[in-house]
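Read-outs throughout are calculated quantities, based only on the coordinates presented, and are distinct from any laboratory measurement. Note that the coordinates shown come from a computational prediction; the quantities given were computed from them, not determined experimentally. Ideal geometry is used to build each Cβ from the backbone, glycine not excepted, and the neighbour counts take in all protein chains shown.
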Amino acid sequence: MEGLKHKLKNFTLSETSRKEILKSNTDKEYVPSEFIEIAKVALAGHFLVNDKISVHPTAVEFYYHEESNDGIKDPIVYHRNSKKGSKSIFNFGILHNHVSGIDITFEHGDSPERAIRASMLIREFEIDGKNENRSTMLYEALYQQSSIFEGVSAKWIDGKTEVEVESGYRKNVAQYDENGKKITKEDQPNAFLTENKKYVQDLRKWQFKKRK
């Protein structure tokens, strides 16, 4: 089985996947096969923390945004260019901490203006058979209140076999209008709403869990 590093390093969307995603105004529920293949590997492996604690992802979400003018847009992506300027491309495989939790990054491109912003958020995880659905608790799980004088270690360990996965909506990810603003429940009262009931849910099924 190909490892997670290999999957992320060689990631690219096929032309078929790109065209289907760009049709999102009419078909937001298309699930890219490339995300499925990465999720199968990610949900089979685990983080090994300080060489003794295993942290197993149980749900992951993909975030994908193309900076080119005609590219795929994912307005929820934090690390992207703005009117204030361009952002450099993240180094491959870093753990990016932000308000929703921790991403594994796999951005690429020859310049920030043509960058592909790609990351995988660990939405849920398991330690000692107990599942945690608060993604921000991963900070504690990976760093384990470790002493900086003794060293902190969190490395990825691939599983031996892929797992089967099922897709769903990303948690509390709102749909945006053409002006870049979140669509609220007042704007579309009959629409399917986010879990917090504040916004219209983005219908891209880019979250993956192990199939039960």
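Observations on the model:
- Cα-derived Rg to Rh of the chain, Kirkwood definition: 0.96
- Karplus-derived 3J(HN,Hα) values for the stretch 85-96, using 6.51 cos²θ - 1.76 cosθ + 1.60 with θ = phi - 60°, are x, 8, 10, 5, 7, 4, 4, 5, x, 6, 8, 9 Hz; glycine and proline are entered as x.
- Distances between placed amide hydrogens fall under 5 Å for HIS108 paired with ILE116, ALA118, all partners being 5 or more residues away or on another chain.
- Sequentially through the stretch 145-152, phi angles give Karplus couplings (6.51, -1.76, 1.60; θ = phi - 60°) of 6, 6, 6, 5, 7, 9, x, 10 Hz, Gly and Pro residues having no value and appearing as x.
- When TYR143, TYR169, TYR63 are arranged by Cβ crowding within 10 Å, least crowded first, meaning fewest neighbours, the order is TYR143, TYR169, TYR63.
- The fewest-to-most ranking of GLU132, GLU164 by surrounding Cβ atoms within 10 Å reads GLU164, GLU132.
- Dividing the summed -39500 (n - 2.57) terms of all DSSP H runs of n ≥ 4 by the residue count of the chain sets its mean residue ellipticity at 222 nm at -3500 deg cm²/dmol.
- Binning all Cα-Cα separations of the stretch 96-184 at 10 Å, short to long from zero, yields these whole-percent fractions: 11, 31, 37, 17, 4, 0.
- Residues ILE94, ILE148 in ascending order of nearby Cβ atoms (within 10 Å, fewest first): ILE148, ILE94.
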